[in-house]
1. By a straight-distance test (C-alpha under 18 Å), which aspartates and glutamates pair with residue 69 as possible cross-link partners, with residues fewer than eight away in the same chain excluded?
2. Check each of the trypsin sites (Lys or Arg not before Pro) in the stretch 288-369 and keep only those in coil by DSSP with at most 15 other C-beta atoms within 10 angstrom; list them in order.
3. For the chain, what does -39500 (n - 2.57) per DSSP helix run (n ≥ 4), summed and divided by total residues, give at 222 nm, in deg cm²/dmol to the nearest 500?
4. List, in the order given, every pair from 68/224; 51/418; 31/335; 57/224; 255/342; 159/291 whose Cα-Cα distance in the structure shown is over 30 Å.
5. So for each of 73-82, 363-372 I average, over its residues, the number of other beta carbons within 10 Å; can you give me the resulting order with the highest mean first?
6. At a 10 angstrom cut-off on C-beta neighbours, averaged per residue, how do the peptides 305-317, 234-246, 38-50 rank from highest to lowest?
7. If each Cα of the stretch 192-295 is one equal point scatterer, what is log10 of I(q)/I(0) from the Debye formula at q = 0.18 Å⁻¹?
8. Check which residues have an amide H placed less than 5 Å from residue 394's amide H, if you skip close sequence neighbours.
Amino acid sequence: MANNKRRIVITGLGVVSPVGNTVEETWESVKNGKCGIGNITQFDPSRLSVKIAGEVKNFDIERYGLEKKVLRQKARFSQFCLAASAQAVSDAGYSAETLKDEKCGVAVGCCLGGLETMAEAFAKVDDPNAGPDRMPPLTTPMMITNEAAANVCIQFGIKGFGWALNTACASGSDALGLALDMIRSGRVDMCLAGGTEAAVTEFSIASFIKLHALATKFNDCPEKASRPFDKDRDGFVMAEGSAMLMLEELEHAKKRGAKIYAELAGFGTSNDAYHITSPLKDGSGAAMAVKSAIEDAGIKAEDVQYYNAHGTSTHANDSGETAMLKSVFGEHAKKLHISSTKSMTGHLVGVAGAIEALFCVKAINDNFVPPTINLENPDIEGGCDLDYTPNTGVKEEIKVAASASLGFGGHNGCVIIKKFEE
């Protein structure tokens, strides 16, 4: 298939995650099946039936060349995004001084925003010794989801668009897709795109417990809790962090001699138009997004060698996603290398699509398929009968990878990433 669209490449990577606070740390953990899920430390979870999460550990903003004063009056999700963005900017060969002169934008997927800020404000309002007048004055700009994108623009002097995108768990993928289209259109030459989230709060965990969405059976062994496609799975594990990628028009990247990790070749999106929390059982809504991404990339379905699954470790997602893969790829689905890295990172919600796209880039660069850990008893009866790369990663040449994210509200997004070739 011919594809005459402007080519968009990836020239910078940055990540803060439960399994590492740099790209190198995070990827090495995922390659080796290291789990970042543990006991919750950010608040006392004793009132909850879920006491585990994928928390970012040992976070130090100065590690990324940012001053600690950057943290003042910024919510946790925004801090993570600044750290991941600083890595991606530096990795792409830029600085705040040089980037401000570029025709650049920012697109950040974020689902839940500054939840700890909202909790603090509500506590003040409900406290008879405080009341509404004692709310922190910057409650609004710290809690709203655009804060991360805005602060990245301010930090790096980026004067193009600075957009926040919320399509639930598809936010990160959709932010990449939005950036792809904006660069293709010529509105910008490059875009810092990805996602950020910091939803490990009592309120957030409690709200997902009420939806029966979280794993509750593994509080005594957190590292076993996220087990996509396994018969004993009972829900996803909330996690936090940020992943940001520098996307750039190919000729712009070549002109400045940038290193190129891979090509962001295609994007597809769809909506199930079915239910506010449950996906279509046959995966047909998600299939539309994946097929659209394949067509957008100008490839055939059988060209895809690796698929990073949404793989949340919920019964509804894992079975429906497997049905979707069979629908899209047909017999090729049996040959497809599949894995859910959420088995190690947990579910980063609005970051999921971005960090999993980053893992696709690294998989292509290293010719390595990361594992799905905790896959001890595949749910064959539930239709989960494909090759999910159980427990140990495999060395395999990968030229084309796909990653789909499937969110509440029926939002589906898929990106296609290719090995860069002239």
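The values are calculated or read from the model by the stated rules, or taken from the named source; none is laboratory data. From a predicted model like this one, the values you see are computed outputs, not experimental measurements. Methodologically, a virtual Cβ is constructed for each residue, glycine included, from the backbone with ideal geometry; neighbour enumeration extends over all protein chains shown. The protein model used for the area step is the full one, side chains on, heavy atoms only, and it has no ligands, DNA or RNA in it. Shrake-Rupley method; radii C 1.70, N 1.55, O 1.52, S 1.80 Å.
1. The qualifying aspartates and glutamates are 60, 147.
2. Of the trypsin sites (Lys or Arg not before Pro), the ones in loops of the stretch 288-369 whose Cβ has at most 15 other Cβ atoms within 10 Å are 300, 335.
3. -9500 deg cm²/dmol
4. 68/224; 51/418; 255/342; 159/291
5. 73-82, 363-372
6. Order by mean packing, descending: 234-246, 305-317, 38-50.
7. Scattering profile of the stretch 192-295, log10 relative to I(0): -1.13.
8. Close amide H contacts, sequence-distant or interchain: 369.
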